[in-house]
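The structure under discussion appears below in the form of structure tokens.
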Amino acid sequence: MGIPVGVIGASGYAGGELLRLLTGHPVFDLSYAAASGRTHGEQDPALVSVHPSLRAGEADHRMGEGLRLSRVSATEAGRRCAAVFLATPPEVSAALAESLLDAGVEVVIDLSPAFRLRDPGLQRRWYPDVRRRGDHDAVCGLPELNRGALADARLIAMPGCLATAAILALLPLCGLPDLALTGIVIDGKAGSTGSGDRLRRSALHAARSGVVGPYAPAGHRHSAEIREALQARGLTTVGGALRLGMSVFAVNLVRGVSITAHVLQDPAADKTGDVDLTQLFRQAYRDEPFIRIRDWAAEAVPLPDPRIVLGSNYCDVAAFRDADANRLVIIAALDNLIKGAAGQAVQACNIRFGLPEVTGLAALPVYPS
Ligand SMILES: NC(=O)c1ccc[n+]([C@@H]2O[C@H](COP(=O)([O-])OP(=O)(O)OC[C@H]3O[C@@H](n4cnc5c(N)ncnc54)[C@H](OP(=O)(O)O)[C@@H]3O)[C@@H](O)[C@H]2O)c1
């Protein structure tokens, strides 16, 4: 018998990816799916009518017509599920997580930003409208950062897609105390699914097609969670707290994010000039099933590129030194709906239930796409 799991926010982009991954998962049984009911007014539509791509073949009854999209009920979720994934807006997650735990759900895995920031002051500054309920401390769900804490977690907060790429790009530097950092600037590029399936003027084809548009030139919310995660691992800039900023552009992709971290150094104090960065990153991630260190010189096409990870739970990373500008340049790419959302949430849930963390996540990328 499998482990029964549910998805709330199942009509959205991240929720749809969760349904797809859970349908093919050999241990988790998709037992409950819900949303607000605003978009699909009809009483409990079949999931395959909300996500036609998930319909099974004529002789295959994996998803079939059976599962329906219901309105949210914490009691019902508690009755049916050991774990519930929340792929909802942060205000909704903040209100729902506690009710689900009270209703008997063993673990809630939240994909929204509601519980990501540990510091309450930062939470008030970056998410003033999100009121967390309850007194459960959330555990950060990024396996490469926090695997050990997931085994007995009840509330797991998954990082954002850009934050995941940036943290994975910068984490190996936490082991280099002599870097003499003066600042880090992250340049992010995001595809259109990164901001959900709500209708907005900026999301119309006419506005979005062909775009290379500044979307958050400064003050992107993910910069707070990146800073918090890396500072907790001891990464600082010369003279004190970590100076780290991020600019994000909307680009002409449906899926995928790419980040470039420009890591600025004080040349007079830096003692890491001889470090082989590719080897450093390979060593740091040698036991990680979903990180691929790319070697620029050895690849047929320049990588990392979001197109080379699409459909998979991989994050590709490459690191370079630009001695003329006293900077390191680290590039990371991932599929925002998989390693940036649903895939790594399933990875965290695998760890939480003691399963091999690659379970149900073995698909290789789709290319060309
Ligand atoms: N998209 C990404 O790349 C990505 C990556 C990482 C994390 N995330 C996070 O994941 C969450 C979902 O993102 P998304 O892109 O999938 O958004 P989305 O496509 O807009 O989907 C939002 C989902 O939440 C449901 N919802 C909204 N209000 C609700 C309510 N009051 N009660 C119950 N369900 C409600 C919606 O249901 P209805 O259709 O019925 O309204 C829909 O199923 C967000 O917090 C986002 O920050 C997204």
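The values are calculated or read from the model by the stated rules, or taken from the named source; none is laboratory data. What you see is a predicted model; the values in this text were computed from it and never measured. Methodologically, a virtual Cβ is constructed for each residue, glycine included, from the backbone with ideal geometry; neighbour enumeration extends over all protein chains shown. With ligands, DNA and RNA removed, areas are computed over all heavy atoms of the protein, side chains included. Shrake-Rupley method; radii C 1.70, N 1.55, O 1.52, S 1.80 Å.
Things worth noting here:
- Scattering curve values for the chain, log₁₀ I(q)/I(0), Debye with Cα scatterers, q = 0.11, 0.13, 0.14, 0.15 Å⁻¹: -0.75, -1.05, -1.21, -1.38
- Spacing of the two label points (7 Å from each Cα toward its C-beta) at Ser369 and Leu54, in nm: 1.8
- Full-stretch length increase - Asn326, Arg125 - with 0.36 nm per residue and alpha-carbon distance subtracted: 69.1 nm
- For the chain, modelled as a GNM whose springs connect Cα atoms under 10 angstrom apart, the maximal fluctuation among Ala95, Ala298, Ala166 occurs at Ala298.
- At R0 = 45 Å, FRET efficiency that the Cβ-Cβ distance of His205 and Asp266 yields, to 0.05: 0.45
- Hypothetical label at Asp152: residues of segment 83-107 whose amide nitrogen lies under 18 Å (7 Å Cα-Cβ projection): 106-107
- Calculated accessible area for the chain comes out at 44 Å² per residue, all protein chains present (probe 1.4 Å; ligands, DNA, RNA ignored).
- Theoretical ellipticity at 222 nm over the chain - DSSP helices of four or more residues, -39500 (n - 2.57) apiece, nearest 500: -6500 deg cm²/dmol
- Summary value for segment 246-369: 30 percent relative contact order, contacts being C-alpha pairs under 8 angstrom separated by 6+ residues.
- One chain, two ends: Asp274 and Glu91. Fully extended at 0.36 nm per residue, the span grows by 61.1 nm beyond their Cα-Cα distance.
- Across segment 187-198, rounded Karplus estimates of 3J(HN,Hα) from the backbone phi angles (6.51 cos²θ - 1.76 cosθ + 1.60, θ = phi - 60°) give 9, x, 10, 10, x, 6, 6, x, 10, x, 9, 6 Hz, Gly and Pro being marked x.
- Probe 1.4 Å - accessible area at Phe353, Å² to nearest ten: 50
- A cut-off of 5 Å between modelled amide H atoms, ignoring neighbours fewer than 5 places along the same chain, links Arg243 with Ile184, Thr237.
- FRET efficiency for Ala218 and Asp137, using Cβ-Cβ distance with R0 set to 41 Å, rounded to 0.05: 0.85
- Apolar share of the accessible surface for segment 27-139: 47 percent from carbon plus sulfur atoms, 1.4 Å probe.
- Rounded FRET efficiency, nearest 0.05, which uses the C-beta distance separating Arg286 from Asp178 and R0 of 22 Å: 0.50
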